[in-house]
1. I'd like to verify a number: residues in segment 80-105 that are open to solvent by 90 Å² or more (accessible area, probe 1.4 Å), assigned to a helix (DSSP H, G or I) and free of Cβ contacts under 8 Å to residues at least 12 places away in the same chain, how many?
2. Checking N20 against (1) surrounded by fewer than 16 Cβ atoms within 10 Å (Cβ to Cβ); (2) at pLDDT below 85: exactly one of these is not met. Which one?
3. Being surrounded by 17 or more Cβ atoms within 10 Å (Cβ to Cβ) and part of a helix (DSSP H, G or I) is the filter here; which residues of segment 108-130 pass it?
4. Take the residues in segment 131-154 that are among the hydroxyl-bearing types (S, T, Y) and surrounded by 22 or more Cβ atoms within 10 Å (Cβ to Cβ), then tell me which one is nearest to W50 (Cα to Cα).
5. Tell me the residue from R109, R124 that is under 16 Å from the mean Cα position of the chain (by Cα), within 29 Å of Y87 (Cβ to Cβ) and among the charged types (D, E, K, R), please.
6. Open to solvent by 30 Å² or more (accessible area, probe 1.4 Å), farther than 22 Å from G47 by Cβ and basic (K, R): does that describe R157?
7. From K68, K48, which residue is within 24 Å of Q160 (Cα to Cα) and in contact (Cβ under 8 Å) with a residue 60 or more places away in the chain?
8. Of the numbered conditions (1) more than 17 Å from T171 (Cβ to Cβ); (2) open to solvent by 80 Å² or more (accessible area, probe 1.4 Å); (3) assigned to a helix (DSSP H, G or I); (4) of a type outside the set (S, T, N, Q), I66 fails exactly one; give the number of that condition.
Amino acid sequence: MEDMIRFALSAGFTHVQQLNITLNITTLEPMEQVRDMCAENRCRAYGKNWTCPPFCGTLDECREKIQKFQKGILVQMVGKLNGPFDYKNMVAIECKHLENFHALAEHLRGKYSEILCLGSGGCRICKKCAYPEPCRFPQKACSSMEGYGLMVSFVCRDNQMPYYYGENTLTYTSCYLWSEE
């Protein structure tokens, strides 16, 4: 686990927290209210992206996938903003988080036969999702924590990791789950 944490930090994440030290996956509970927020379609991906609802599975299917795993880590990219409308830094922080997220996902895919990578926001491996055509990269595609119905602030709270780092900060949170073989 220490190697995993070191790799995550070296990949550029600002914060890494172990999940399930006692193998308690129950802190990751899909919630209908999160899915309802997805259905509002503010991000314009609902029903238009293979890794977003409704295509990423029902809440029961997501719960079942989560419960297959025994271990995980929670990672964050926290960045400073020059004010509440600092769009340039918001985009830069998000891009850095996505870059780190995919780098760690590739590293974990090399170590474990099966992992579940849940990012922050939609998949975005492709500039535009292939939907309704088949996914171009099904082995690399990742759903978001929210798409799986997880309330990110609750996941952070339940795993002793801050969610808010103060005024003029922006935080992206993702998690990876796996089982020892």
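The values are calculated or read from the model by the stated rules, or taken from the named source; none is laboratory data. Just so it is clear, the model here is predicted, and its values are computed rather than measured. Cβ placement follows ideal geometry from the backbone for every residue including glycine, while neighbour counts extend to all protein chains displayed. Please note that ligands, DNA and RNA were not included when accessible areas were found on the heavy atoms of the full protein model with its side chains. Shrake-Rupley method; radii C 1.70, N 1.55, O 1.52, S 1.80 Å.
1. Matching residues across segment 80-105 total 2.
2. It fails just one condition, (1).
3. L108
4. S143
5. The match here is R124.
6. Working: open to solvent by 30 Å² or more (accessible area, probe 1.4 Å): yes; farther than 22 Å from G47 by Cβ: yes; basic (K, R): yes.
Spelling it out, R157 is indeed open to solvent by 30 Å² or more (accessible area, probe 1.4 Å), farther than 22 Å from G47 by Cβ and basic (K, R).
7. K68
8. The single condition I66 does not satisfy is (2).
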